[in-house]
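Everything below concerns the one structure shown next.
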Amino acid sequence: MMAMLEFYYDDSGTHADSDVVVWGGVAGHVHFMNELSAAWNAQLATPCEGRPPIKKFHSVDLMHGWGEFEGYSEPERNLTRRNFRKIILDAGLSVLSYGIAAKAWHEELNGVAKIALRSPEHTILSLAVAGGCEAAIKEKMPVAFVFDAGCATRTDIPLAVANGIELAKIDPDLVSSGISPVMGNAGLQAADLVAHETYRLFCDFLATGQANPEPHLARLRDGAHDFQARWIGRNEITNMIAEFNAAMTLRRGE
């Protein structure tokens, strides 16, 4: 079997009026993802000592004690976060997150630039895909991107993937993408954990100008094989607009 990199991405903050949009997840060689799946499924059977099996991990539900985590005490919620975080670290996966200031994006973009660059979610997912493609170029191997099945009807996903491929200047034949139900897919559940944790970090950074991760995220950052968190704020957005306008001017021969 040909060696391949796999990227599992999930979104956070894509609800209406969100100030921050994030695409985050985990990545690694296929055999590392297989290790994640085996350990993750075993943990689902015992998410926390004294608690019954759960069908899937969902970070927001765990944080608030909703759904399958209803009735969990705060220590139990913290222990469960730690248990699943440890699986990501033990599997030797890379942790990645890309966030963008959505409100600033809408305030700064207009006209042709807004039409071409579409939405903040499209922009940040394109960059996330480009980052994965650049890693594949460095590793000299194909790359596969996996999104949850809820993306099946969203035309912006394949458009963002195509844009990311173009940005990375990779051979499109080396890139594949697909969808999978979150239920039963450890990679996507791990991506959910990363996206939610880093969404909270980016929101705090936008509000305070300080990037101070909570202890859970700090341990994930410090223990991961590789940890990348890229932020696109107002300054980066205005630079992006300037680059786009310059390219349009050059194309028109002005």
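The values are calculated or read from the model by the stated rules, or taken from the named source; none is laboratory data. Keep in mind it's a predicted model, so treat the numbers as computed, not measured. A quick note on method: Cβ atoms are made from the backbone with ideal geometry, for glycine too, and the neighbour counts reach across all protein chains shown.
Key figures for this structure:
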item: Search result, residues across segment 185-223 that are part of a loop (DSSP other than H, G, I, E, B) and modelled with pLDDT of 95 or more; result: 185
item: Residues satisfying the stated conditions in segment 48-60, i.e. within 17 Å of residue 200 (Cβ to Cβ) and surrounded by 18 or more Cβ atoms within 10 Å (Cβ to Cβ); result: 57, 58, 59
item: Complete set of residues in segment 189-215 that are surrounded by fewer than 17 Cβ atoms within 10 Å (Cβ to Cβ) and either in contact with a strand residue (DSSP E or B) (Cβ under 7 Å, 6 or more places away or on another chain) or not polar (S, T, N, Q) (or both); result: 204, 207, 209, 211, 214, 215
item: Of all residues making up segment 125-150, the number that are surrounded by fewer than 19 Cβ atoms within 10 Å (Cβ to Cβ) and free of Cβ contacts under 8 Å to residues at least 40 places away in the same chain; result: 6
item: Test: residue in segment 37-47 that is assigned to a helix (DSSP H, G or I), in contact with an Asp or Glu (Cβ under 9 Å, 6 or more places away or on another chain), surrounded by fewer than 19 Cβ atoms within 10 Å (Cβ to Cβ) and modelled with pLDDT of 95 or more; result: yes
item: Hits in segment 12-25 - residues which are surrounded by fewer than 24 Cβ atoms within 10 Å (Cβ to Cβ) and in contact with a Leu (Cβ under 9 Å, 6 or more places away or on another chain); result: 19
item: Qualifying positions in segment 151-186 - surrounded by 13 or more Cβ atoms within 10 Å (Cβ to Cβ) and at positive phi; result: 184
item: Any hit, segment 5-25, residues being part of a helix (DSSP H, G or I), more than 21 Å from residue 83 (Cβ to Cβ), in contact with a strand residue (DSSP E or B) (Cβ under 7 Å, 6 or more places away or on another chain) and among the aliphatic types (A, V, I, L, M); result: no
item: Options 95, 30; residue that is within 28 Å of residue 126 (Cβ to Cβ) and at pLDDT below 95; result: 30
item: Filtered residues of segment 105-124 (kept if within 21 Å of the chain's Cα centre (by Cα) and either within 24 Å of residue 220 (Cβ to Cβ) or buried (at least 20 other Cβ atoms within 10 Å of the Cβ) (or both)); result: 105, 120, 121, 123, 124
